[in-house]
Structure formats: structure tokens, C-alpha cells
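Here is the structure we will look at, set down as C-alpha cells.
Just so you know, all these numbers are worked out from the coordinates, no wet-lab data involved. Keep in mind that what you see is a predicted model, and the values were worked out from it rather than measured. Neighbour counts are summed over all protein chains in view; Cβ atoms, including those assigned to glycine, are modelled from backbone coordinates with ideal geometry.
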Amino acid sequence: MKIRSFFRLRVYRGEVPAIGPGKIALLEAIAELGSIRAAAQSLEMSYNRAWLLIHEMNDSFKNPVVESVAGGAKGGGAQVTAVGIQLIQEYRQIELEAESAAQARLKNLTSLLKK
């Protein structure tokens with residue numbers, strides 16, 4: 001059996017999770033696809049759920065992390081703000097550093113598992 005480990009960082013503001021792996025994935029999908037609906041579909045998430053997560057993030061941070069553009073002749077869309085991009089970068093860097101820092105301990109821990 002293959003043994004694997006990973007970190008799931010979540011940061012709470014009060015009782016509300018300000019950021020976590022699902023919200024980061026949503027931000028990355030919006031940045032790539034330029035649409036909340038397309039991002040939600042790519043993550044197999046409902047559009048309403050995506051909007052709820054965006055509102056939680058925008059309410060949690062000093063500045064919005066996602067801004068939507070109203071439809072028109074060319075249709076609407078959404079974009080991840082500079083704060084949102086910084087949030088993604090910081091989150092992913094923390095993941096890398098945590099994984100790197102924990103490698104020796106994880107090796108010791110996983111050596112105790114059944115093969």
C-alpha cells in the first residue's frame with residue numbers, strides 16, 4: 001500500500017474559515033478561467049456554493065480577493081484581485097515550507113505504519 005502525506009492549512013477569522021484548500025482551489029480556477037460559473041463547474045461545485053465561498057473570503061480580508069464584472073454584449077466574468085493572487089502565492093509557499101520542514105518527522109512517523 002502506498003503511503004502519502006499532505007498538509008491541509010486552514011486559517012480562521014473568528015469561527016469562519018477565511019482560507020483553506022477549497023477556497024484556494026476556487027481562486028486558482030477563477031484566475032485561470034475568468035468565470036465563477038466555469039470555476040465552480042471545473043471543481044464540481046455548485047455556483048451558489050462558489051458564491052458563498054467568495055463572499056466569505058471577501059468579507060474576511062481587508063480588500064476583496066475576487067471581483068465580478070457584470071454581463072453585457074461580451075458577457076460578464078470574474079477576476080482574482082492582486083490581494084487574491086498574493087493570497088494564493090502565500091498559501092502555496094506555506095504549504096511548500098511546511099512540507100519541507102516536516103519531511104524528517106514524516107519519515108519517522110510513516111515508518112511506524114504497516115506496509
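Springs join every pair of Cα atoms under 10 Å in this Gaussian network model of the chain, and among ARG13, ARG37, ARG92 the largest mean-square fluctuation is at ARG13.
Rounded to the nearest 0.05, what FRET efficiency is calculated for ILE85 and LYS114 with R0 set to 30 Å and r the Cβ-Cβ distance? Working shown, then result.
Numbers: r = 43 Å, r/R0 = 1.42.
So, using R0 = 30 Å, E works out to roughly 0.10.
Sum up the lysine pairs in the chain that clear both bars: alpha-carbon distance under 20 Å and a spacing of 8 or more or different chains.
Details: LYS2/LYS107; LYS2/LYS114; LYS2/LYS115; LYS23/LYS62; LYS107/LYS115.
Close lysine pairs found across the chain: 5.
Segment GLU95..HIS55, full-extension length gain: 12.0 nm, with 0.36 nm per residue of separation and the alpha-carbon distance subtracted. Residues in region 100-109 carry Karplus couplings, in order, of 5, 5, 9, 3, 5, 5, 5, 4, 4, 5 Hz; the curve used is 6.51 cos²θ - 1.76 cosθ + 1.60 with θ = phi - 60°, and Gly or Pro positions show x.
Across region 6-115, the mean sequence separation of Cα contacts (distance under 8 Å, 6 or more residues apart), normalised by length, yields a relative contact order of 23 percent. Toward the positive end of the charge dipole of the chain, with +1 on the Cβ of Lys and Arg and -1 on the Cβ of Asp and Glu, the farthest Cα among LEU109, ILE19, PHE6 is that of LEU109. With respect to the chain, whose longest principal axis is taken over its alpha-carbon atoms, helix 47-60 is tilted by about 80°.
Please find, in a Gaussian network model of the chain (springs between Cα atoms separated by less than 10 Å), the residue of SER35, SER60, SER68 whose mean-square fluctuation is greatest. Ranking SER35, SER60, SER68 by mean-square fluctuation puts SER68 first.
Kirkwood Rh, Cα Rg: Rg to Rh for region 11-110?
Values: Rg = 15.7 Å, Rh = 14.7 Å.
On the Cα set of region 11-110, Rg over Rh gives 1.07.
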